[in-house]
1. Any idea which residue in region 205-228 is nearest to the chain's Cα centre (by Cα), counting only those that are at pLDDT 95 or above and of a type in the set (S, T, N, Q)?
2. For region 196-270, please list each of the strands (runs of 3 or more DSSP E) lying entirely inside it that holds at least 2 residues being over 23 Å from Gly162 (Cα atoms).
3. Across region 232-265, what is the total count of residues that are closer than 15 Å to Glu213 by Cα and buried (at least 20 other Cβ atoms within 10 Å of the Cβ)?
4. Does Gly72 satisfy the condition of being in a loop (DSSP other than H, G, I, E, B) and on the phi > 0 side of the Ramachandran plot?
5. Quick one: would you say Gly156 is part of a loop (DSSP other than H, G, I, E, B) and either among the aliphatic types (A, V, I, L, M) or farther than 17 Å from Glu213 by Cα (or both)?
6. Looking at Ser48, Ser120, Ser86, which one is at pLDDT 60 or above and under 27 Å from Val260 (Cβ atoms)?
Amino acid sequence: MKVAVLTQVLLLAASAIAAPAPGHGLAARVARRKLGNHQTHPKIPAPSADLEPSELAKANSTHNDYSSNWAGAVLTAPPSGTTFTSVTAQFTVPTPKLPSGATADSSASAWVGIDGDTYSAAILQTGVDFNVDTSGTVSYDAWYEWYPDYAYDFSGININSGDVIKVTVTSSSSSAGSCVIENLTSGQQVSQDLSAPSSSSNLGGQNAEWIVEDFDSNGSQVPFANFGTVQFTGASAGVSDGSTVGTDGADVLDIQQNNVVLTSSSVPSSSEVDVSYAGH
């Protein structure tokens, strides 16, 4: 994991949104994030062989991959030399709930990105966290990240339940790109230009993703919130040959933790990815 140069961390942290919710655990998570401890990880495979038939049935019958942290869909570039240069989609912000029996603040994150599946050295991504504390208070964070650096919150944009959010990442080269979040409901828009954190974390352009994630905070995965359903629409990816592709042929992922399938994902059309919470 890259340790960011202190000056860079302080500058980026200073621009982050300060939005702690009343719950002490959630407020502490947000505070840690401002110090640079929130991070998306590349896809972590999870075995399906140990699943009971009832758990297998929760996932879409066409999917062929499980992960402990990613749910959604991933396109992999063909071996023809073309790469992905942009990914976009929009979704309606859900109202997260605590899972049944939960005793800790919980979160989930919806994002689009380039790389992180078959190419794990880097991810350029942007998205929105959905947070709920043990009192039921809900909050949201809009963020950007170039893994293996940490995620940083955008300032200048407000996110509320029911808002329609458009998220876009674009790479201008393997070492430079941008992240844009538009709140189509309020008209607010924020963007951030980014560079690869190091020479070893340039993009490969091998993967395009539409993901709901159980992300890391302070070195471990957060308790995963019941986020309801995230429906990515208008989903597409730009290709280095100038073409644009949809989600046809994407690998569909579901989150499996402790031999339980927590999501149900599908690709119902060439421009849509649906991810629903399937836990208890």
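1. The residue in question is Asn207.
2. On the way: elements: 207-213, 229-239, 251-257, 263-269.
Ranges flagged: 207-213, 229-239, 251-257.
3. Of the residues in region 232-265, the ones closer than 15 Å to Glu213 by Cα are 232, 252-257, 261-265.
This time we only want the ones that are buried (at least 20 other Cβ atoms within 10 Å of the Cβ), so: 232, 252-256, 261-265.
Within region 232-265, residues that are closer than 15 Å to Glu213 by Cα and buried (at least 20 other Cβ atoms within 10 Å of the Cβ) number 11.
4. Details: in a loop (DSSP other than H, G, I, E, B): no; on the phi > 0 side of the Ramachandran plot: yes.
Judged against the criteria, Gly72 is not a match.
5. Here the answer is yes, as Gly156 does meet what is asked.
6. Just a single option satisfies the conditions, and that option is Ser120.
Yes/no per residue for (1) modelled with pLDDT of 95 or more; (2) part of a loop (DSSP other than H, G, I, E, B); (3) not aliphatic (A, V, I, L, M):
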{"position": "Pro94", "(1), (2), (3)": "yes, yes, yes"}
{"position": "Ala108", "(1), (2), (3)": "yes, no, no"}
{"position": "Gly113", "(1), (2), (3)": "yes, no, yes"}
{"position": "Leu124", "(1), (2), (3)": "yes, no, no"}
{"position": "Gly127", "(1), (2), (3)": "yes, no, yes"}
{"position": "Ser139", "(1), (2), (3)": "yes, no, yes"}
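The values are calculated or read from the model by the stated rules, or taken from the named source; none is laboratory data. Computed from a predicted model, the values in this text were never measured in an experiment. Counting neighbours? That spans all protein chains shown, and the Cβs are built from the backbone with ideal geometry, glycine included.
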